[in-house]
1. Only one residue in Val51, Val76 is farther than 29 Å from Tyr166 by Cβ and among the β-branched types (Val, Ile, Thr). Which one?
2. Condition first: farther than 24 Å from Ile8 by Cα and touching a Lys or Arg at 6+ places or on another chain (Cβ under 7 Å). Now tell me which residues in segment 45-98 satisfy that.
3. Do the conditions hold for Arg24, that is, is it touching a residue at least 60 places away in the same chain (Cβ under 8 Å), among the basic types (Lys, Arg) and either in a loop (DSSP other than H, G, I, E, B) or in contact with a Pro (Cβ under 7 Å, 6 or more places away or on another chain) (or both)?
4. Which condition does Glu210 not pass, out of (1) over 23 Å from Ile92 (Cα atoms); (2) touching a residue at least 12 places away in the same chain (Cβ under 8 Å), if it passes all the others?
5. Looking at segment 83-124 only, could you name the residues that are of a type outside the set (Asp, Glu), surrounded by fewer than 20 Cβ atoms within 10 Å (Cβ to Cβ) and part of a loop (DSSP other than H, G, I, E, B)?
6. Give the residue that is nearest to Asp103 (Cα to Cα), with candidates limited to residues of segment 37-72 that are touching a His at 6+ places or on another chain (Cβ under 6 Å) and hydrophobic (A, V, I, L, M, F, W, C).
7. For Glu60, state whether it is loosely packed, with under 15 Cβ neighbours inside 10 Å and assigned to a loop (DSSP other than H, G, I, E, B).
8. Which one is surrounded by the most Cβ atoms within 10 Å (Cβ to Cβ), of the residues in segment 151-192 that are assigned to a loop (DSSP other than H, G, I, E, B) and over 16 Å from the mean Cα position of the chain (by Cα)?
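The values are calculated or read from the model by the stated rules, or taken from the named source; none is laboratory data. Small disclaimer: the values here were computed from a predicted structure and weren't measured. Heads up, the Cβs are rebuilt from the backbone with ideal geometry, glycines too, and the neighbour counts pull from every protein chain shown.
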Amino acid sequence: MARRGLLIILSSPSGAGKSTLARRLIAWDPTLSFSISATTRPPRPGEEDGVHYHFLSEAEFRAQVADEQMLEHAHVFGNHYGSPAGPVRAAISKGRDVLFDVDWQGAQQIRNSELGKHTLSIFILPPSITELRRRLIERGQDAPETISKRMQKSWDEISHWDSYDYVLINDNLDETEARLRTIVEAERLRRPQQPDLGTHVRALHDQFREKENR
């Protein structure tokens, strides 16, 4: 039977391993795809429209929000960011799962959207705050002051852990990936994800009545 796709939300404080787990999930199942965000910020060198972001004017972005064409949106550092609903609707209707890398506020908006019943939300926790800081330092992407800001923000993110469907402590990347795969495989079998079940049950009912009437 056909199935409907999932909106898979991954959230975590920076450095907990969310991006690595998302890449591993797509390597495990290449039919998974990232939701391409829309933004009002100008493209950076090398960025392509429709590949890295959907680049919109502020008027276009506001119009889509007013028309309820954004599953979630936020204003960050003077620019608007959001997740267009159209491509997600098209993907899940074809049985393709879509990954979202959003914070707890974005996750809440998606869960409250028209597609909320097809949402799977997973929060990734670090094993400790000390380990979280170590990972941020060792990846070598941020200046010390940026790391301090990320650490300050991390507790705000962590404090919303209990609003997610699943919470995984990423103390071992391979084991966390295995648990993540198990969750996705199980959630794909949820009743709302199998639109043909009703047709199958009605066929069983008709067969039962035919047998009873003989």
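1. On the way: Val76 fails: farther than 29 Å from Tyr166 by Cβ.
Answer to the check: Val51.
2. Passing the criteria: only Asn79.
3. Here the answer is no, as Arg24 does not meet what is asked.
4. Result: Glu210 fails condition (2) only.
5. The answer is Lys94, Gly95, Arg96, Asn112, Ser113, Leu115.
6. Ala38
7. Here the answer is no, as Glu60 does not meet what is asked.
8. Top of the filtered list is Asn170.
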